[in-house]
Amino acid sequence: MKAQWIAGQWHKPARAKIPVVNPATEEILDYIPRGTAADADLAVRAARQAFETWRWIPALEKAQMLHRLAGDLRARQKKLATLMTQEGGKPFCENRDEVEWVAACFQYYAEVGRNSRGNSIPPTFHHQVNFTIKEPYGVVVGIIPWNYPLLLMVWKVAPALMAGNTVILKPSNETPLSLLSIADLFGKHLPAGVVNIVTGRGAEIGEALIQHPGTDLIAITGSTETGKRVGQLCAAQVKKFHGELGGNDPFIVCEDADLDIASRAACWAAFLNTGQVCTSCKRLYVFESVADEFTKLAVKHAKSLKLGNGLKPDTDLGPMINLRQLEDVHHRVRQAVNDGARILCGGRRSPKFKKGFFYEPTVLTDVEHDMNLVQTETFGPVLPIMRVKDIDHAIWLANDSAYGLGANIYTNNMEWAMKAMERITAGTFWINDPLTDNDAGPFGGMRQTGHSRELGEEGLDEFRETKHVHLDYKAERKTYWYPYAKYNKLTS
Ligand code: NAD
């Protein structure tokens, strides 16, 4: 059984354990501790103590530590990607890429985090100086989902550390092993207590961390439902809440698009990580003039994809994360079919596998925009295709959503692309290249996806508070001080 990483050492709590299951084989890979409020308290004490020294370490020194950490992560890329494939199911190449993005993100924030600490502001009077300084919040809690267990960790940890905070991480119970496997690197490169890792149930140790008076900022990536609960707990304590929540991204294909490219792009955007990406293409709107041709190509491509264990080199799609998730997606597909949708391929658990949570890549047509499958987040390999009359119709439907994470369009018509970009409510808008992130480009959502941002300079500022400093280098008696009788005489 694994232990928790607190104050630079392994801590084994006495209580119950949680199994970590390989979704491709259903074998138990290991167990993690089901941490308690007492473990949360221990981690908070460690992080608080470390904060008192970490915040004052010069940014250049912090940056050097993160650069060295990134180097060691790269050296471990293959081993880590293998473990990530075993616990999360994603194909090996997707995990290999994730490890590289994690290392690059540490390096990005190592540099951006030593670039500025506030602004100089024009004063309102002579001999005065005004400026802002950015300060850390204190102890940051990072709550991580299972679909990108290291990437969504670094998007919080790297800016939080460079801002001067210390961190307690709570990984998902589905994929905690990869994070625990790099605890020794935090131990090697950072002072004890600067990064701590605890495990357990969200409602137990997660909420204990959120409600602990010694934590200052709660950053969570997860479903909107979980985010609402965490947000409420934060609001009750007026604690800073940073939420990267659910998505339901639209994908528009216009009639001028290269349909071969657009259909491949749509399949990749819908089926990457078996459709378990917050920015997956979850609703496809195609101009009716090209809908038949586009659908034919998308089905052909979907049928050609290879489902299997992510450790096999020819696997395109791995398993879904667990049976509950698979059954949820299948239920949504059946509901849509009952309401009139047609399955063109997939729509079932794959009969080819005796073990594992494999769901076939699914393309649906005759889908209505008001179906549950389209209206709420369907987190699996499903591409529901809907027809639209023109760009205005597509924009209207794309916007008819409670979420606002990302949106995609395929077109070379500048007017359509720019109109859609300006009118669609989404934190990221991709034109002719879905799902591409950039460390320097802010990532996050509008509406019920959150309103927070990770990456870019915005992602650093989310972990810093602003202090305004007013300085008068000539201490003098002000005319507007008491007594007011004198002041009134001066100003009347
Ligand atoms: P989830 O909400 O079930 O869990 C996320 C994390 O929150 C886990 O670590 C879980 O243990 C913890 N948690 C659950 N209840 C909690 C509570 N009451 N208090 C504290 N912590 C709690 O989400 P998931 O199934 O792991 O991930 C999938 C979801 O994440 C999808 O909705 C997806 O869209 C979303 N997501 C969003 C982004 C984004 O950037 N917006 C990125 C990836 C995933």
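Tabulated data for the structure shown
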| read-out | value |
| --- | --- |
| Residues whose placed amide H lies under 5 Å from that of Lys282, excluding near-sequence neighbours | Asp249 |
| At most 14 other Cβ within 10 Å, DSSP loop - chymotrypsin sites (Phe, Trp or Tyr not before Pro), the range 94-178 | Phe125 |
| Zone of Asp472's modelled label, taken as backbone nitrogen in the range 128-168 under 12 Å from a point 7 Å along Cα→Cβ | 128-129 |
| Test item: Cα-centred dipole of the chain, Lys/Arg +1 and Asp/Glu -1 on Cβ, debye | 1720 debye |
| The range 249-431, relative contact order in percent, only Cα pairs under 8 angstrom and at least six apart counted | 28 percent |
| Relative contact order (percent, whole number), the chain, Cα cutoff 8 Å, 6+ residue spacing | 18 percent |
| For the chain, alpha-carbon Rg over 2.2 N^0.38 Å | 1.08 |
| Extension gain from Thr491 to Thr436, taking 0.36 nm per residue of separation minus the Cα-Cα distance | 13.7 nm |
| Distance between the range 290-313 and the range 123-162 - C-alpha centres, whole angstrom | 41 Å |
| Proximal charge balance of Lys12 [Cβ under 14 Å; K/R count +1, D/E count -1] | +2 |
| Mean Cβ neighbour count within 10 Å, used as a protection proxy, ranking 343-352, 432-441 highest first | 343-352, 432-441 |
| Degrees, to the nearest 10: 224-237 long Cα axis against longest axis of the chain | 20 degrees |
| Gain upon complete extension [Lys419, Ser289; 0.36 nm per residue less C-alpha separation] | 44.8 nm |
| Long-range amide H partners of Val21 with built H, under 5 Å | Leu29 |
| Fraction in percent of alpha-carbon pairs per bin - 10 Å, the range 249-431 | 10, 41, 35, 12, 1, 0 |
| Chymotrypsin sites (Phe, Trp or Tyr not before Pro) within the range 458-492, DSSP loop, no more than 15 other Cβ atoms inside 10 Å | Tyr473, Tyr480, Trp481 |
| Charge-dipole axis of the range 198-283 as Lys and Arg at +1 and Asp and Glu at -1 on Cβ define it, positive-most pick from Leu209, Gly231, Thr274 | Leu209 |
| GluC sites (Glu not before Pro) lying in DSSP loop within the range 458-492, provided at most 14 other Cβ fall within 10 Å | Glu476 |
| Nearest-ten-degree value, helix 59-75 long axis tilted from longest Cα axis of the chain | 20 degrees |
| Karplus-derived HN-Hα couplings along the range 161-178 (A = 6.51, B = -1.76, C = 1.60, θ = phi - 60°), whole Hz, x at Gly and Pro | 5, 5, 6, x, 7, 9, 9, 10, 9, 10, x, 5, 6, 7, 9, x, 5, 5 |
| 0 to 90° range, to nearest 10: angle between helix 77-88 axis and the chain longest Cα axis | 70 degrees |
| Among Ile391, Ala298, Phe287 the positive-end extreme of the charge dipole of the range 249-431 (Cβ point charges) | Ala298 |
| Protection proxy ranking of 64-70, 187-193, 314-320, 112-118 - average other beta-carbon atoms within 10 Å, highest first | 314-320, 64-70, 187-193, 112-118 |
| Residue-count net charge about Gly445 - beta-carbon cut-off 12 Å; Lys, Arg +1, Asp, Glu -1 | -2 |
| Dipole magnitude (debye, nearest 20) for the range 249-431, charges at Cβ of Lys, Arg, Asp, Glu | 1120 debye |
| Integer Hz, Karplus 6.51/-1.76/1.60 couplings in order for the range 252-268, x for Gly and Pro | 9, 10, 8, 6, 8, 5, 6, 5, 5, 5, 4, 6, 5, 4, 5, 5, 5 |
| In range of the label at Lys312: residues from the range 76-92 whose backbone nitrogen is under 20 Å from the point 7 Å along Cα→Cβ | 82-92 |
| Sites Arg342 and Glu100 - FRET efficiency at Förster radius 56 Å, r taken between beta-carbons, to 0.05 | 0.90 |
| Under 5 Å, built H, 5+ apart or other chain: amide partners of Trp430 | Ala407, Asn408, Ile409 |
| 15 Å cut-off, amide nitrogen to a point 7 angstrom out along Asp400 Cα→Cβ, residues in the range 266-292 | 283-286 |
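The numbers here are math on the coordinates, done by the rules we state, and not lab data. Not measured: the values here are computed from a predicted model. Reconstructed Cβ throughout: ideal geometry from the backbone, glycine too, with neighbour counts over all protein chains shown.
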